[in-house]
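Laboratory data are not the source of any read-out in this text; all were calculated from the coordinates shown. Remember, predicted model here, so these are calculated numbers, not experimental data. We place every Cβ from the backbone using ideal geometry, glycine too, and count neighbours over all the protein chains shown.
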Amino acid sequence: MISSQVSQVIKRFPYLHLTEKVNGDTLLKGVLAFEGDYHGEVIADEFDVELHIPSTYPEDLPLVREIGYRIPRNFHVNLDDNTLCLAAPIAIKMHFSKDKTLLGFIGNLAIPFFYNFLYQQKHGSLILGELSHGTEGILEFYREYFHLTNDAAIIEFLRILAHHAYQGYSDCPCNSGEKLRVCHGRKVLRCGFLQSAQEYQKEYHAILNWVRKKKLELL
């Protein structure tokens with residue numbers, strides 16, 4: 001499956017080429033040329049990139065590096081490995097679920113990242129606002145996704161996902177007075193299809209500790 005999807009990518013983006021395989025992983029390098037359009041504002045450009053496709057794809061999604069040094073390291077770049085922070089982990093999976101191909105990954109995640117960078121360079125702000133880095137950014141995504149400012153409810157949703165503890169007839173953690181199944185249940189269930197319980201356990205503990213730390217700082 002990987003080889004056929006790589007061929008489709010190279011056909012669509014002919015300046016990308018297969019360079020090597022490392023421990024079963026596939027590496028694509030070259031120039032990613034694209035044209036993006038947001039509300040009629042067309043931006044065309046190209047970036048030197050490396051696309052690292054793990055042998056476990058599509059269970060594990062590709063990593064993208066911008067290797068032409070145009071993207072500052074303080075612009076959503078993971079400093080430990082220089083990969084681009086395309087979105088919160090669950091958001092990446094949500095976008096990928098729309099088109100589960102390498103072309104879909106590039107079109108729905110990589111190109112919007114580069115377009116957003118260019119848009120900020122031109123206008124001084126990102127199109128849809130900017131999330132923080134790390135755990136705080138993941139929490140901010142869940143606030144937007146669940147339309148909540150109640151971090152305790154978000155932490156409880158993550159606990160439910162981490163422990164397979166969904167009970168539709170229980171009260172929704174958001175304190176709306178509704179049952180979970182008719183309130184935030186659908187959003188919780190959607191998340192359950194996209195990440196493993198282990199991944200939610202990691203996010204649950206990271207966000208819980210982050211919130212506790214912030215509360216202590218306010219004392």
Placing +1 at every Lys and Arg Cβ and -1 at every Asp and Glu Cβ, with all other atoms neutral, what dipole size does segment 72-191 have around its Cα centre, in debye to the nearest 20?
440
Under 22 Å Cα-Cα from Lys214, which lysines qualify once same-chain neighbours fewer than 8 residues away are excluded?
Lys202
Rg and Dmax of the chain, Cα atoms, in Å?
19.2, 58
Assign one of three labels to segment 2-123, namely rounded, prolate or oblate, based on the Cα gyration tensor with a ≥ b ≥ c the square roots of its eigenvalues; rounded applies when a/c is under 1.5, prolate when it is not and a/b is larger than b/c, and oblate otherwise.
rounded
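Okay, helix-only estimate at 222 nm for the chain: each DSSP H run of n ≥ 4 adds -39500 (n - 2.57), divide by all residues, round to 500 deg cm²/dmol; what do you get?
Details: 8 runs with 91 residues, N = 219.
Value at 222 nm, helices only, nearest 500: -12500 deg cm²/dmol.
Stretched out fully, how many nm does the piece from Gln198 to Ser132 gain, at 0.36 nm a residue minus the Cα gap?
Details: separation 66, 0.36 × 66 = 23.76 nm, distance 2.31 nm.
Gain on extension, Gln198 to Ser132, equals 21.5 nm.
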Students often forget the sequence filter, so: which lysines lie under 17 Å Cα-Cα from Lys98 once same-chain residues fewer than 8 apart are removed?
Lys187
proj_area_mean for segment 134-218 (convex hull on C-alpha atoms), units nm², value 5.4
Relative contact order (percent, whole number), segment 1-96, Cα cutoff 8 Å, 6+ residue spacing
16
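What is the dipole size for the chain, taken about its Cα centre, with +1 at each Lys and Arg Cβ and -1 at each Asp and Glu Cβ, in debye to the nearest 20? Could you put the intermediate results ahead of the total?
On the way: 23 positive and 26 negative charges, 116 e Å.
In total the dipole reaches around 560 debye.
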